[in-house]
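Below: the structure, in structure tokens.
Please treat every number below as a calculation from the coordinates, not as lab data. Being a predicted model, the structure only gives us computed values, none of them experimental. Heads up, the Cβs are rebuilt from the backbone with ideal geometry, glycines too, and the neighbour counts pull from every protein chain shown.
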Amino acid sequence: MKICTTKDELHRSLSALRKGGKSVGFVPTMGALHEGHASLFKAARRENDIFVASVFVNPIQFNNPDDLKNYPRDFGADTEILEENGCDIVFHPTPEEMYPEGSQPKTYAFGALESVMEGAQRPGHFAGVGVVVGMLFELTEPTRAYFGEKDFQQVAVIRDLVRQMGIDVQIVSCPIKRGEDGLALSSRNALLTPENRAKAPFIYATLSASAEIVKANPQTSCADIKKFVEERIASQAEMKLEYFEIAHPDTLQTAPLDAPAQGNVGFIVVWMGKVRLIDNIRY
Ligand code: PAF
């Protein structure tokens, strides 16, 4: 596996490998890799001639300086996981390499897609994601790019980015990877205290129970599902609900409270101590 730390090095290494029209599968990450990432790596490896990953904690997508500072980083462990999954090239630039002083990266606006949920709670987050993923797509020119559905809203934003850039890259969204206890795998799980880690699966247990209610009665309204989820999370002293929204899977706009939840997606963010946990479920 080749480790490239500059854009030039990445360009040279990738051009040499992709001769003869080979397909490139690309997985952008912020490192702290876990089994969730590995499922994206496996798909990228399986479906393409060349598998490229990036490991870059993108400062401009963090609206909270503490979150950026505390974001887990372990490039040594990351390279092992990438090697195990057959990565050909990993791009691991510094912030200065990505954003040299005085440079003006291309920006994108995502309209209604970025004014709700994660976009509303983390102003500037998707603008920062758009800038970095746009740059990474220009650098790697992938045939396919892989994203996890845990960040469901991000996948919608990336599809819109591809449309705005007018590039021919297939966005592959991969199902959420969960621990055996149901907790959605996330780099942030490593920051939970052992007590909170033990209680965190309650979030998915609540989402699953809400999906069972919808399955049993497809007419169940969004209002009833919201009440169920909000009350359950409120019953847990260690958990603070940031939001639970039921929204359309494509537009991400909130479904009317009196409409059936079925066909929509439930999006949740819960704080446990200083850790922000995100998950979602299809109804
Ligand atoms: O999902 C992530 O890890 C990041 O938002 C991404 C897509 C790598 C951009 O920094």
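Between helix 7-17 and the chain, what is the angle of the helix's C-alpha long axis to the longest principal axis, kept within 0 to 90° and rounded to the nearest 10? The angle comes out near 80 degrees. For Glu84 and Glu47, what does the FRET efficiency come to when R0 = 22 Å and r is the distance between their Cβ atoms, rounded to the nearest 0.05? For Glu84 and Glu47, the calculated efficiency is 0.80. Computed from point charges on the beta carbon alone (+1 for Lys and Arg, -1 for Asp and Glu), the dipole magnitude for region 10-149 about its Cα centre is near 460 Debye. Rounded to the nearest 20 debye, the dipole size of region 214-272 about its Cα centre is 140 debye, using +1 on the Cβ of Lys and Arg and -1 on the Cβ of Asp and Glu.
Multiplying the residue separation of Thr254 and Thr193 by 0.36 nm and removing their Cα-Cα distance gives an extension gain of 18.7 nm. Could you work out how far helix 152-165 tilts from the main Cα principal axis of the chain, as a 0 to 90 degree angle to the nearest 10? With rounding to tens, the tilt is 40 degrees. Remark: Ile158, Ile60 ranked as Ile60, Ile158, counting other beta-carbon atoms within 10 Å and listing the fewest first. In plain terms, the residue of Cys87, Cys174 with the fewest other Cβ atoms within 10 Å comes first and the most crowded comes last, giving Cys174, Cys87. Cα centroid separation, region 100-146 to region 198-274: 27 Å. Neighbour counts of C-beta atoms inside 10 Å place Val265, Val214 in the sequence Val265, Val214, starting with the fewest. Among 69-82, 180-193, the peptide with the highest mean count of other Cβ atoms within 10 Å heads the list, and the full ranking is 180-193, 69-82.
Relative to the longest principal axis of the Cα atoms of the chain, helix 75-84 runs at roughly 80 degrees.
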